[in-house]
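Readers should treat all values here as calculations from the given coordinates under stated rules, not as data from a laboratory. All values derive from a computational prediction rather than experimental measurement. Cβ placement follows ideal geometry from the backbone for every residue including glycine, while neighbour counts extend to all protein chains displayed.
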Amino acid sequence: MAEDGQGFDCAVCAHIASELALSNERAILELDGVVLLAAYGGRLPYELLIAPREHPDGSAYESELLRAALTVLADSLRRLHAIEGPVPLNAWLHDTGHWHVEVLPRLTVLAGIELGAGIYVNSLAPEDAAAALRDAY
């Protein structure tokens, strides 16, 4: 596991390593060193994580892997569109530490328990989301 530049173990590296070392149930695809995973414990159905498999050095904006990450993002959106049709979503590029893209489709409505208690109810297991996205097209 890589360090984040400040001497701390990288949580993204640990997460990716554990996901890929297990059964790959939540892994959807890998392209040029960038992985697409269904988020473990995602807040909403089809929440996704896109990240370099190895700990990157420097900013995402300067990385040769950014092109692959954006290609994976586009591919994941095409797969999601094939399953659910056009859906609103948010995507964020987190550019600190182990940079990554977080994708959050808005397929459900946040209600009392999510808004009041801050507890998310996800009706789709990440393993089922990954299987559907792997098979999409």
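Between 0 and 90 degrees, rounded to the nearest ten: what's the tilt of helix 11-21 against the longest Cα principal axis of the chain? Relative to the chain, helix 11-21 is tipped by roughly 70 degrees. Among the chymotrypsin sites (Phe, Trp or Tyr not before Pro) found in the stretch 27-101, not one is both in a DSSP coil and sparsely packed, with 13 or fewer other Cβ atoms within 10 Å of its Cβ.
Applying 1/(1 + (r/R0)^6) with r as the Cβ-Cβ distance of R43 and A117 and R0 = 22 angstrom yields a FRET efficiency of 0.95.
Under 15 Å from the 7 Å Cα→Cβ point of A125, by amide nitrogen: which residues of the stretch 10-40? The answer is 23-27, 38-40. In angstrom, the C-alpha Rg and Dmax of the stretch 11-135 are 14.3, 43. May I ask for the angle, rounded to the nearest 10°, between helix 66-84 and the longest principal axis of the chain, with both axes built from Cα atoms and the value confined to 0 to 90°? Between helix and principal axis, roughly 10 degrees. Extension gain, D9-T71: 0.36 nm per intervening residue step, less the Cα-Cα distance, totals 19.5 nm.
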